[in-house]
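> Questions regarding the structure given below will be posed in turn.
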Amino acid sequence: MALVGASFGALATGSGLPLVKVVALSAILYAGGAQFLVVAAVAAGAAPAAVVIGGALLNARHLPYGLVLADVLAGRWWTRVIGAHLMTDEATAFTTAELARHGDVAKARRTFFIAGTTLFVGWNVGTLIGAVGGDLVGDPNAFGLDAAFPAALLALTAASMRARLDRRVALLGAAVAVVLTPFLPAGVGVLAGLLGLIAAGRDPVRASETS
């Protein structure tokens, strides 16, 4: 996470953004891919509305994340606000893996906040290092991060796909996302992967058990 944050910091300052704005983006927005989108769009002279809409589409996957983590983040309003800010792909994957193993909401809550805080700090420290170090970081694609992060998320979620129904949903969703992503705006293909849930519409095993 720190390495990707450093790549963002270097890219953002290289695009002409001042250090204060780069650090503020990571601390306040903290949206990973959406931050790269903002920098690229601003550098290309895109209209503010286009930047906002693009970022919203890219991060719309947090809507189902919020539904999955609703019980984990239940509590006082400020706990939910902080939890929403710390919600990332990785933190969600760690938490759902913990729920799949033990089903203990209290342990899952601790896992979420430990993972979320660690990732947040790593991202922001990396951003600062990249923004100050500039070109020393280089091209993030040279580190193979485009493959490393999906692989890590797959490993984290593997424990929750032991049931045949879960695997069927995941495979269908992944197939839909892979096919549609090249033809849709950023983030929409991933959202379309939610169509994989139609595989849960009728589970042949459960149907046979109830018949």
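Laboratory data are not the source of any read-out in this text; all were calculated from the coordinates shown. Just so we're clear, the structure is a prediction, and the values are computed from it rather than from any experiment. Don't worry about glycine lacking a Cβ; one is built from the backbone with ideal geometry, like all the others, and counts go over all protein chains shown.
> What distance in nm separates the simple spin-label points at residue 53 and residue 118, each placed 7 Å from Cα in the Cβ direction?
Label-label distance for residue 53 and residue 118, simple model: 4.0 nm.
> Follow-up question, since we're still on this one. May I ask you to derive the FRET efficiency for residue 61 and residue 132 from their Cβ-Cβ distance with R0 = 41 Å, giving the value to the nearest 0.05?
Working: r = 31 Å, r/R0 = 0.76.
Calculated value: 0.85.
> Return the sequence-ordered ³J(HN,Hα) values of the stretch 9-23 in whole Hz as given by the Karplus equation 6.51 cos²θ - 1.76 cosθ + 1.60 applied to θ = phi - 60°, using x for Gly and Pro.
Values per residue, Gly and Pro as x: x, 5, 5, 5, 5, x, 8, x, 6, x, 4, 4, 5, 5, 5 Hz.
> Separation between the residue 174 and residue 21 pseudo-spin-labels, each 7 Å from Cα along Cα→Cβ, expressed in nm?
Each label point is offset 7 Å from its Cα along the Cβ direction, giving 3.9 nm.
> A further question on this structure: What does the highest-first list of 33-41, 56-64 look like by mean Cβ count within 10 Å? Write down the numbers at each step before the final one.
On the way: 33-41: 19.7, 56-64: 15.4.
In decreasing order of mean packing, 33-41, 56-64 become 33-41, 56-64.
> In the stretch 82-102, which residues have a backbone nitrogen under 17 Å from the label point lying 7 Å from residue 74's Cα in the Cα-to-Cβ direction?
What the label zone holds, given the 17 Å backbone N cut-off, is 83-84, 96, 99-100.
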